[in-house]
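Asker: My questions will all concern the structure given below.
The values are calculated or read from the model by the stated rules, or taken from the named source; none is laboratory data. Note that the coordinates shown come from a computational prediction; the quantities given were computed from them, not determined experimentally. Here the Cβ is made from the backbone with ideal geometry for all residues, glycine too, and neighbour counts use every protein chain on show. Only protein heavy atoms, including side chains, enter the accessible area calculation; ligands, DNA and RNA are left aside. Shrake-Rupley method; radii C 1.70, N 1.55, O 1.52, S 1.80 Å.
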Amino acid sequence: MGKKKRTSSRQGPDAASFKKSKTDKTPVKRKGSKETKFTTPTKTEKTSVVASTQKKDLEQYSKEAKESKEQFKPGNEERKGREAKLMIAEKTKRIPLDVTNSMWPFVSEVTLSEDGDTVHLVRNEVNHNTISPSLSNEITNNFLGNPIGANRGDKLHDPTMGTDMKCILTYNEKGINNKGPGKNVEQLRYCSSSLTKVGYGTLRPPIDESYSPDWGDEVLKKEKDKNLSFEKYCVLNSCTDEGLESIAVYNNISDEWEEKKKTFNGEVSMAFKRFEMLKLYAKHRNKRKYHLDPMEGGHRKAGIFQANFCAQLNPEDGSISDCLTFTPDHFLIAGLKPGKDITANHITGAYAAAIDEGTNDKGFFLETTRVDVSYLSDRDVSVPTFLQACRVCSESIAREKRNSATKDVFVECAKCVEEFIGTMSKEALLGNPSLKKFEYGGENKFPKKISAQKDVPKGNFDWKTDRDKICRKLENLPILSSDLFERYAKDPFNKENYSDFLKELEVPRMKKNNKEDDKVLIKPPFVVTYKSMAVHAGLGEKQRATTEMLNKWCLLPRFIHLLLANKKNISLVDAAKDDKVGMTVIYAMRHHVTSHGTLNLSYDACAPWYGLNKGYNMAEGENNVIIAALYLTEIVNAALTTITNNDGVHIGKKKLFNSRTKQLAKQTSDVTMLFSTMNVYANNPGIDTMINQLAWLYMADAELAHDLKNLTKVKLDKVHPGQLVYVHWINCVNESRSMIKQYGLLPEIKSTEDLKMMFPPMYHIYNYLECGVEKDVCLSVAEHFYSKVTSTSKRTLPKQSFYKEKSSLLIHLKLMHAYALRTLKGANPKVAFFESWNIHRLQGKAKIFS
């Protein structure tokens, strides 16, 4: 972090002794190759393979490929996903179907309340998730042409239903009085949009002599009693009187509709007529048999249902009681800020105009959507089993969407980083901030983590009701007790909260004489230098916050919200309303930003005051998202420590600015690319696995930094231990950042035989994690290498439970390197890693590996 150009990735004390160790990485290999290298795909790696085109050779290749495939054992989740897709492919038949936008309510399953006023939208459980009101409202606003006049920014989409709707065509026989299964009705519940249980139904016609496996095709194509086929019914226009008449005829409610029309006068609007038709359609559900349930596109269906009646579905039971009830406040929960002076009348007016266009056979409600429709053709498969397969496939589709360029949570994290670093001013790039504003009242130390229950201040406190008392009991930096801090922690993607919080972090720039320059104010992001960490933070009588802390305050809430929203499968708007998410951020900001390394692995005993369950190790369990998010922020800080690497000596201000600007652009590109591809290069293992790996890698780097500090600290060295360990900590993170960039977070092995020959301990761990064999050997290795880690990590690493889930080999490389340094303290650190196993073997403790 100094100004001299570094040839080593390490900085701080004894950096020269580590120059060689940067390239001395233990190889990791993938099965089937004689080479020994990490092989997770990288953009810089090119492979050229020239295969024989001889028929005999190709036949041999084919035989070997089949044998290899037979030996492949997919994981449990992958197996379930494959079986589900196979069942749907083999047990269903697929037909493309066009549906008019105005007809979606009339191809849906709905029920009517006993008082006849409330319509409930219900569905078979073929979709894995619940309906988010905020997302469905955002979609509705888009369908109606943005009647609230919101600045939608990156939420701007064409007002269409899209091209990837997937639905199940269901035969709709009900149970007796809707209270239980009747004849030919399997144990199958309908649910509302919020999964409220409302009744039973089935998916296919009765299985008797007349059952046809092609019943879906017959329904779609065949006209009954000279009436419309279902295919033609789906493209009616419900915004015209003729269309409503045809809906009544098709659903055998013509008489009821004629009676209802007698109550209309000449001033009745088409909007009112359509809602009255919907209530009749819902009331006489015993007269219809077929409808469409979305396996993909559930939120769009809810959104189009709302757009058809200009009313929001009740999120508790998926119901509407009237039309034309939308107000601007309904869209605020979707993060859409209505334009100035927008009222409910503007929304109603936009809806009425759209209906008028439909009445004249044009506009949005007359447009059609091509839907991929499947129906259960097999007569033997269990309906509940089939429904479970549908939900698994639906979840798989959602996961694929999250892993796409626009849905991947780590891509969203990359966008946050780009937005954050991209706002660095020229003054912040060239200067250091004066953080006198963020002095801790306890003079030279930040609040010590309360580990023992006996040290917890007396009283039963809750942050929601006792914030002021908690802030007095646990004295911290004033900014972490403010209303602004809490607002930002709970909703960091609110633009006003974000800009206000950054404004609060704005401080004067430091002059060369360590005085404040009040004429120049700078705000995060800040360059992280050794001077800003060790010198400026210690000015005055009280300890000040550091640049890396302020950077983390800005990014950590956003990362936690993104990870938890993805983990919970909710929108960011819903995450902002989730008290648990907000409390998680508040706790992390107050108790974990001012620390790093092993200190952050233990819970503060006051965690229950924030509604968090306490555990032994923050890197595992329900709150490990905090450590994973912290690790992402540390990667950003690690990149910002390199901005001064190319400064040189006696360089002019203009050249210095140009040099740092180029380095900033390079590091921004590197970090955003790392985040954007992290999930892809790990082969999309799922959000839980990704969070676990990041949290465990944080733990491994913390252990390595701790041992490096112990190895390099000498009695005559006056450097503060906290500053020294931060130097090692940020170097470890930087090194891991480079390894992830080159090999991926979950690197694969080229050759297990090479691994076994070069480093047996890693081979035995890999063998158990990957193949499930040699469990006792793996645990023995873990007990030996990980038994001397710090007390918090010791509760996790040597334990059998840690090895129930696959962990990245990068984690074990770091931990074994830490073991080597710990074992060879005083010896040559450059050879410590490779010598550690030899010492272990010479001591006679390696019989199981010989």
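Asker: To the nearest 0.05, how large is the calculated FRET efficiency for Glu496 and Ser229 if R₀ is 41 Å and r is the Cβ-Cβ distance? Spell out each step's value before the answer.
Answerer: Numbers: r = 53 Å, r/R0 = 1.30.
About 0.15, to the nearest 0.05.
Asker: Further question on the same structure: Length gain on complete extension for the stretch Ser212 to Asp372, per 0.36 nm per residue less the alpha carbon to alpha carbon distance?
Answerer: Once the chain is fully extended between Ser212 and Asp372, it gains 55.5 nm.
Asker: Now for a separate question. Would you mind computing, in nm to one decimal, how far apart the modelled labels at Ile651 and Lys614 are, each placed 7 Å from Cα along Cα→Cβ?
Answerer: 4.9 nm
Asker: Take Lys362, Lys580 and sort them by solvent-accessible surface of the protein heavy atoms, 1.4 Å probe, largest at the top.
Answerer: Details: Lys362 115, Lys580 75 Å².
Heavy-atom accessible area, descending, gives Lys362, Lys580.
Asker: For a protection proxy built on the mean count of beta-carbon atoms within 10 angstrom, sort 672-680, 343-351 highest first, please.
Answerer: Ranking the peptides 672-680, 343-351 by packing returns 672-680, 343-351.
Asker: Then there is this: At 0.36 nm per residue, and after removing the present C-alpha to C-alpha distance, how many nm does the segment from Asp688 to Lys512 gain when stretched out fully?
Answerer: Additional length available on full extension: 58.6 nm.
Asker: Continuing with the same structure: On the accessible surface of region 210-364, probed at 1.4 Å, how many percent belong to carbon and sulfur atoms?
Answerer: C and S atoms contribute 48 percent here.
Asker: Strictly greater than 16 Å: what percent of every Cα pair in region 743-830 meets that?
Answerer: 55 percent
Asker: Here's another thing I want to ask about it. Can you compute the FRET efficiency between Thr327 and Phe272 using 1/(1 + (r/R0)^6), with r the Cβ-Cβ distance and R0 = 25 Å? Round to the nearest 0.05.
Answerer: 0.85
Asker: Which of rounded, prolate or oblate describes region 596-734 when judged by the alpha-carbon gyration tensor and an a/c cut-off of 1.5?
Answerer: Because a/c hits 1.5 or more and a/b fails to exceed b/c, region 596-734 counts as oblate.
Asker: Between Asn345 and Asn710, what's the calculated FRET efficiency when r is the beta-carbon distance and R0 is 56 Å? Round to 0.05.
Answerer: Using R0 = 56 Å, I get an efficiency of 0.20.
Asker: Whole-Hz ³J(HN,Hα) for each residue in region 363-380, computed from phi via Karplus 6.51 cos²θ - 1.76 cosθ + 1.60 with θ = phi - 60°, x for glycine and proline: what do you get?
Answerer: x, 4, 6, 9, 5, 10, 10, 7, 10, 8, 9, 10, 9, 6, 9, 5, 8, 9
Asker: Pulled fully out, how much extra length does the chain show between Asn360 and Ala89, if you take 0.36 nm times their separation in residues and subtract their Cα-Cα distance? Don't jump to the answer; show the numbers that get you there.
Answerer: Details: separation 271, 0.36 × 271 = 97.56 nm, distance 4.10 nm.
Gain on extension, Asn360 to Ala89, equals 93.5 nm.
Asker: With a 1.4 Å probe and every protein chain kept in, tell me what percent of the accessible surface of region 558-640 is carbon plus sulfur.
Answerer: Working: 1010 of 1940 Å².
After summing per-atom areas, the C and S share lands at 52 percent.
Asker: Further question: Quick query: amide H of Val110 versus all other amide H atoms, modeled in the peptide plane; which residues come in under 5 Å with a sequence gap of 5 or more or a different chain?
Answerer: Correct list: Val122.
Asker: Rounded to a whole number, what % of the accessible area of region 783-824 do carbon and sulfur atoms account for, probe 1.4 Å?
Answerer: Using a 1.4 Å probe with all protein chains present, region 783-824 comes out at 45 percent carbon and sulfur.
Asker: Just the accessible area per residue of region 513-660, please: how many Å² with a 1.4 Å probe?
Answerer: 33 Å²
Asker: Which value, in Å² rounded to 10, gives the accessible area of Leu58 with a 1.4 Å probe and all protein chains present?
Answerer: Accessible area of Leu58: about 90 Å².
Asker: Sticking with this structure for a sec: For a protection proxy built on the mean count of beta-carbon atoms within 10 angstrom, sort 410-420, 700-710 highest first, please.
Answerer: 700-710, 410-420
Asker: How many lysine pairs in region 589-686, separated by 8 or more positions in sequence or lying on different chains, have Cα atoms less than 27 Å apart? Let's see the in-between values first.
Answerer: Details: Lys653/Lys662; Lys653/Lys666; Lys654/Lys662; Lys654/Lys666; Lys655/Lys666.
Total qualifying Lys-Lys pairs in region 589-686 comes to 5.
Asker: Right, next: Dividing the Cα radius of gyration by the Kirkwood radius, what Rg/Rh value follows for region 541-607?
Answerer: Working: Rg = 13.5 Å, Rh = 13.1 Å.
Using Cα coordinates only, the ratio equals 1.03.
Asker: Around Asp117, with a cut-off of 10 angstrom between Cβ atoms, what is the net charge of the other residues, counting Lys and Arg +1 and Asp and Glu -1? Working shown, then result.
Answerer: On the way: positive: Lys279; negative: Glu114, Asp115, Asp322.
Combined, the nearby Lys, Arg, Asp and Glu give -2.
Asker: Further, regarding this structure: What shape does region 462-570 have by the C-alpha gyration tensor, where a ≥ b ≥ c are the square roots of the eigenvalues, rounded means a/c under 1.5, and otherwise prolate means a/b greater than b/c and oblate the rest? Mind dumping the intermediate values first?
Answerer: Working: a/c = 2.11, a/b = 1.54, b/c = 1.37.
Prolate.
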